[in-house]
1. Out of all the residues in the stretch 11-34, which are of a type in the set (Asp, Glu) and either farther than 23 Å from Arg68 by Cβ or in contact with a strand residue (DSSP E or B) (Cβ under 8 Å, 6 or more places away or on another chain) (or both)?
2. Being at pLDDT below 75, open to solvent by 40 Å² or more (accessible area, probe 1.4 Å), part of a helix (DSSP H, G or I) and of a type outside the set (A, V, I, L, M) is the filter here, so list the residues in the stretch 70-93 that pass it.
3. Taking the stretch 29-39 only, how many residues are touching a Leu at 6+ places or on another chain (Cβ under 7 Å) and either aromatic (Phe, Trp, Tyr) or within 11 Å of Asp11 (Cβ to Cβ) (or both)?
4. Looking at the stretch 1-37 only, could you name the residues that are open to solvent by less than 50 Å² (accessible area, probe 1.4 Å) and in contact with a helix residue (DSSP H, G or I) (Cβ under 6 Å, 6 or more places away or on another chain)?
5. Answer with yes or no whether Leu64 is assigned to a helix (DSSP H, G or I), surrounded by fewer than 15 Cβ atoms within 10 Å (Cβ to Cβ), at pLDDT below 95 and not charged (D, E, K, R).
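The values are calculated or read from the model by the stated rules, or taken from the named source; none is laboratory data. Fair warning: this is a prediction, and the values are worked out from it, not measured in the lab. With ideal geometry, Cβ positions are generated from the backbone for all residues, glycine too; neighbour counts draw on all protein chains shown. Calculation scope for accessible area: heavy atoms of the full protein, side chains included, ligands and nucleic acids excluded. Shrake-Rupley method; radii C 1.70, N 1.55, O 1.52, S 1.80 Å.
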Amino acid sequence: MRRLKVVVADDHGLMIEAVGIALARPEFEIVGVAESGSEVLPVVQQTDPDLVVLDLRMPGMDGLTCIRLLRERMPSVKIAVLSAVDSEDTARE
């Protein structure tokens, strides 16, 4: 069985660790971590993941901008947003 390659992008180390624990299963492999928005695209380009677990509020570049750029440059990468942002407007974006 092929493992799902995952990049975790969050500026809080505890969240990165928590996602790692949640995905510590044979079907997932964390291939990269980005601790700022500006790190997301380079890490994704280097690791070629199937999925990016992305926070919306990060230094360097916000998650919505990351999503737009990922869609433009790597449209096959799936994105799951994991964020404490509680805004309907942000969710619509």
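1. Within the stretch 11-34, the first condition is being of a type in the set (Asp, Glu), and the residues that meet it are 11, 17, 27, 29.
Within the stretch 11-34, Glu17, Glu27, Glu29 qualify.
2. Glu88, Asp89, Arg92
3. Qualifying residue count, the stretch 29-39: 0.
4. Val7, Val8, Ala9, Asp10, Val31, Gly32, Ala34, Gly37
5. On the way: assigned to a helix (DSSP H, G or I): yes; surrounded by fewer than 15 Cβ atoms within 10 Å (Cβ to Cβ): no; at pLDDT below 95: yes; not charged (D, E, K, R): yes.
When the stated conditions are applied, Leu64 does not pass them.
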